[in-house]
Amino acid sequence: MSSGKVALVLGSSTGGVGNHIASLVRGLVAAGRPVLVCGPAATDELFGFTAAGAAFAAVEIPPNPGPQDSGAVRALRRELAGQGVTVIHAHGLRAGLVAGLTRPSVPLIVTLHNAVLGKGFRASASQLVERIVVRNATLVLGASEDLVERAVALGGRARLSPVAAPALPPAKRSRAAVRAEFRLAPDVPLILSVGRLHPQKRYDLLVAAAARWRSLTPSPVTVVAGSGPSYMPLAQQASETHARFHLLGRRDDVPDLLAGADLAVVTSDWEARQLFAQEALRAGVPLVCTAVGGLPGLVGEAAVQVPPGDVDALDAAVRRLLDDPGLRADYARRGPERAAAWPDEAATVADVLAAYDEVSG
């Protein structure tokens, strides 16, 4: 097994990608691999790469491609120079594009975490970037099978590399204490989602469904932990529809929130192996999720799957679970059983190390 320094490159992140890289840093350092992380300064503050044992270099990779990319390319090239890096591992299209444009003299691995969605000019531009990234990479790792198939169709060398959710610490508060934060009576259900507030997550559907649930007795309260560009539109929608729906902002107490929740919900238009879906099933919280991307293969029969973009199906699935305590208990049992078969963080790190050896060889 090779032992040279690894450069992990990322763009802006407030959630899944940053958490995955922090997990890789811990595993790689434990395996004796020196690690350099290159990304926006805020990511080190948020995810603690240096605290986990990595060297960190601030490289501000903007969220959208443009002329400013030339500055990011120069900065990354400068930070990599003289570091003795033997493999570069970029995460996501933006980091993959900037890393590829440095014309590295060592192998470049790119992990694709998200699909290109939408229509119009922005989607067309993203598809062009996707093609460039895939063809510049020595190897593409896809977080789900559809990402691998897409990379191969674009002419890349690709394989599956599942992303394991980092193990959550135990909850620090009791279920009663968590529910007291939201002033919930003992019989009021708490519905939870965790993720970036972005149109892809389709939290507008969750707000619309939550407005319908006002008619239920007792009426559930829905909360979403996360930050992002959709905050104001969602807050306005919740206010206009009088939904019992609350945006909590970024939280570092997800284990506590899961301990207090009766149901977990994922409404995204697309996901690979969404970290919150993994966390919910591990915690034994019944999950309703959209049947998109890598989610069906991830959750199997351990969650209730609904079509994307279908508020009626979402509404019906949640009502069914709320009306049937025995069904909720059944899914609460299925979740941890399903999760026990997933690759853990150690397996994810081992898979990535194997990829490094593969391209180095």
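Listed by first and then second residue, the pairs linking a residue in the stretch 17-43 that is on the phi < 0 side of the Ramachandran plot to a residue that is assigned to a helix (DSSP H, G or I) and among the small types (Gly, Ala, Ser), with Cβ atoms under 6 Å apart and 6 or more places separating them unless they lie on different chains, are THR43/GLY18. Screening ALA7, ALA58 for residues that are surrounded by 19 or more Cβ atoms within 10 Å (Cβ to Cβ) and closer than 21 Å to GLY100 by Cβ leaves exactly one candidate, ALA7. For the stretch 314-332, give me each residue that is free of Cβ contacts under 8 Å to residues at least 60 places away in the same chain and within 24 Å of the chain's Cα centre (by Cα). Hits for the stretch 314-332 are ALA317, TYR331, ALA332.
Would you say ALA137 is crowded, with 20+ Cβ neighbours inside 10 Å and within 22 Å of ASP69 (Cα to Cα)? In short, yes.
Scanning the stretch 134-150 for residues that are farther than 18 Å from ALA354 by Cβ and of a type in the set (A, V, I, L, M) gives VAL134, LEU147. Scanning the stretch 90-104 finds no residues that are part of a loop (DSSP other than H, G, I, E, B), among the aliphatic types (A, V, I, L, M) and modelled with pLDDT of 95 or more.
Screening the candidates GLY118, GLY53, GLY66 for the property of being surrounded by fewer than 23 Cβ atoms within 10 Å (Cβ to Cβ), in contact with a Leu (Cβ under 9 Å, 6 or more places away or on another chain) and either at positive phi or in a loop (DSSP other than H, G, I, E, B) (or both) yields one hit, GLY53.
Which residues, counting only those in the stretch 14-49, are touching a helix residue (DSSP H, G or I) at 6+ places or on another chain (Cβ under 6 Å), over 24 Å from ALA354 (Cα atoms) and of a type in the set (S, T, N, Q)? Answer for the stretch 14-49, where residues must be touching a helix residue (DSSP H, G or I) at 6+ places or on another chain (Cβ under 6 Å), over 24 Å from ALA354 (Cα atoms) and of a type in the set (S, T, N, Q): just THR43. Report every pair of residues separated by at least 6 positions or lying on different chains whose Cβ atoms are under 6 Å apart, first residue within the stretch 168-193 and assigned by TED's automatic domain parsing to the domain that holds LEU216, second among the aromatic types (Phe, Trp, Tyr). From the stretch 168-193, no pairs qualify.
For the stretch 271-294, indicate whether the set of residues that are of a type in the set (Phe, Trp, Tyr) and surrounded by fewer than 22 Cβ atoms within 10 Å (Cβ to Cβ) is non-empty. Within the stretch 271-294, not a single residue is of a type in the set (Phe, Trp, Tyr) and surrounded by fewer than 22 Cβ atoms within 10 Å (Cβ to Cβ). Kindly evaluate GLY297 against the criterion of being surrounded by fewer than 17 Cβ atoms within 10 Å (Cβ to Cβ), among the small types (Gly, Ala, Ser), within 19 Å of the chain's Cα centre (by Cα) and outside the structural domain of GLY18 (by TED's automatic domain parsing). The answer is yes for GLY297.
Of the helices (runs of 4 or more DSSP H) contained entirely in the stretch 145-233, those carrying at least 3 residues that are of a type in the set (D, E, K, R) and in contact with a strand residue (DSSP E or B) (Cβ under 9 Å, 6 or more places away or on another chain) fall at 145-153.
The values are calculated or read from the model by the stated rules, or taken from the named source; none is laboratory data. Because the structure is a prediction, the values reported are computed rather than measured. No Cβ is skipped: glycine too gets one built from the backbone with ideal geometry, and neighbour counts run over all protein chains shown.
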